[in-house]
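A.B. asks: Take this structure first; my questions come after.
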Amino acid sequence: MSNPSRREFLKSTVTTAFSAGLKVCVGAELFAAPAASSRVRAAPPPAPLPIKKGLIFDMLPAKRSYADRMKLARDVGFEVVQAPTTPDEHAAEEIKKAADDATIRIDSVMNMDHWKYPLSSSDAFVVEKSLAGMRTSLRHAKLWGSDAVLLVPAVVNPQTSYRDAWSRSQTQIRKLLPLAEELKIVIAIEEVWNKFLLSPLEMAKYIGEFQSPWIQAWFDVGNVMFYGYPQDWIRMLGQGIAKVHLKDFKRKKDGYEWVNLGDGDVDWEAVREAFRDIGYSGSAICELDGGDETYLRDVSRRVDRLVLGRT
């Protein structure tokens, strides 16, 4: 009886009955609860998000073989793996076989040379090393059946201004576009505390200037906590997000620390709803400390609960 119109209706009905000299019983029958069939039922909870659950290869126990590590990833509940690129072609073939035998997909490639050799460098030798590393990563993505390579595009430092980082890195990435298009592999740009692309507006603008479907965003939930709120980034980048990294971030009086999913300051409910709002259905790759089978099973369950919305 919280609805005002319902209250007024009942009041006017009782008043009219008394004024007509009728004997009205204002009792249980008049104010009885409606039949069960007419009650308003609570809305069912939203369906779990159709996101593929993954982890980076380095979270798996390093002492195990490639085959055992891939099998473990599948057994503890993960659907996909992000593998690091390697200059060793024999190792690349072993990684492929291990994933195939374990029936788990290598979903994406972690490019490695951008850390030591940034594309924004003014040194031509450094830039060429970076480009060579990305070409290897793109070819490994094709070999492994992946559809994206993670790239940290630039670093701002005392030697490289923000403007130079922007223009130099875009110039070099454009050199990679023909190979990415040929292989049908997305180059996914990530922000990693490199003093570059510090807001979702900047990242969207940077990626949009390529005007290419082969340049998209790799969004890291934890990384952007340093600058703002991941749910805001998700909605701003929208369909431009190719892949996602999952980690949690906890602020402290004397700094911060990386923690397990759900143990930090990320508002996972808000993140989950933001993914739902943009219709994200790609992969979400855990980038956390490694551990044993018990630990990895716990991480898998945390992704189910916090990100996918499974109970």
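A.B. asks: Please state the relative contact order of the chain as a whole percent: Cα pairs under 8 Å, 6+ residues apart?
C.D. replies: 18 percent
A.B. asks: Give the average over all directions of the projected area of the C-alpha convex hull of the stretch 185-311, one decimal, in nm².
C.D. replies: Mean projected area for the stretch 185-311: 8.5 nm², to one decimal.
A.B. asks: Quick one: net charge around TYR206, please, counting Lys, Arg +1 and Asp, Glu -1 for every other residue with C-beta under 13 Å from its C-beta.
C.D. replies: 0
A.B. asks: Same structure again: Here are some pairs, LYS71/LYS252; LYS52/LYS129; LYS63/LYS205; LYS205/LYS247; which of them have Cα atoms lying more than 31 Å apart in this structure?
C.D. replies: Result: LYS71/LYS252; LYS52/LYS129; LYS63/LYS205 exceed 31 Å.
A.B. asks: Something else now. Under a crude label model (7 Å from the Cα following the beta-carbon direction), how far is ASP232 from ARG163 in nanometres?
C.D. replies: Computed distance between label sites ASP232 and ARG163 equals 2.7 nm.
A.B. asks: Hey, another quick one. When the helix-only estimate is applied to the chain (DSSP H runs of n ≥ 4, each -39,500 (n - 2.57), divided by the residue count), what is the mean residue ellipticity at 222 nm, nearest 500 deg cm²/dmol? The partial results should precede the final answer.
C.D. replies: Working: 10 runs with 126 residues, N = 311.
Dividing the helical sum by the residues of the chain leaves -12500 deg cm²/dmol.
A.B. asks: Counting other Cβ atoms within 10 Å, keep those with at most 10, restrict to DSSP loop, and tell me which GluC sites (Glu not before Pro) in the stretch 264-311 are left.
C.D. replies: Hits after loop and neighbour filter: nothing returned.
A.B. asks: Can you give the FRET efficiency to the nearest 0.05 for LYS184 and ARG74, using r as the Cβ-Cβ distance and R₀ = 22 Å?
C.D. replies: Details: r = 25 Å, r/R0 = 1.15.
It comes out at approximately 0.30.
A.B. asks: Enumerate by residue number the chymotrypsin sites (Phe, Trp or Tyr not before Pro) in the stretch 128-218 meeting two conditions: DSSP loop (anything except H, G, I, E, B), and at most 15 other Cβ atoms within 10 Å of the site's Cβ.
C.D. replies: Here the chymotrypsin sites (Phe, Trp or Tyr not before Pro) that fit, given the DSSP loop and packing criteria, are TRP193.
A.B. asks: At q = 0.11, 0.15, 0.16 Å⁻¹, work out log10 I(q)/I(0) for the chain with the Debye formula, treating every Cα as an identical point scatterer and leaving solvent out; two decimals please.
C.D. replies: So the normalised log intensities work out to -0.70, -1.23, -1.37.
A.B. asks: Next question, about the same structure. With every protein chain present, what is the per residue accessible area of the chain (1.4 Å probe, Å²)?
C.D. replies: Here the per-residue accessible area is 52 Å².
A.B. asks: Next question, about the same structure. Add +1 for every Lys or Arg and -1 for every Asp or Glu among the other residues with Cβ under 13 Å from the Cβ of THR160, and state the total. Mind dumping the intermediate values first?
C.D. replies: On the way: positive: ARG163, ARG168, LYS195; negative: ASP123, ASP164.
Around THR160, the surrounding residues sum to +1.
The values are calculated or read from the model by the stated rules, or taken from the named source; none is laboratory data. Quantities reported herein were computed from a predicted structural model and do not represent experimental measurements. Every residue, glycine as well, gets a Cβ built from its backbone with ideal geometry; the counts of neighbours run over all protein chains shown. We work out accessible area using only protein heavy atoms, side chains counted, and drop any ligands, DNA or RNA first. Shrake-Rupley method; radii C 1.70, N 1.55, O 1.52, S 1.80 Å.
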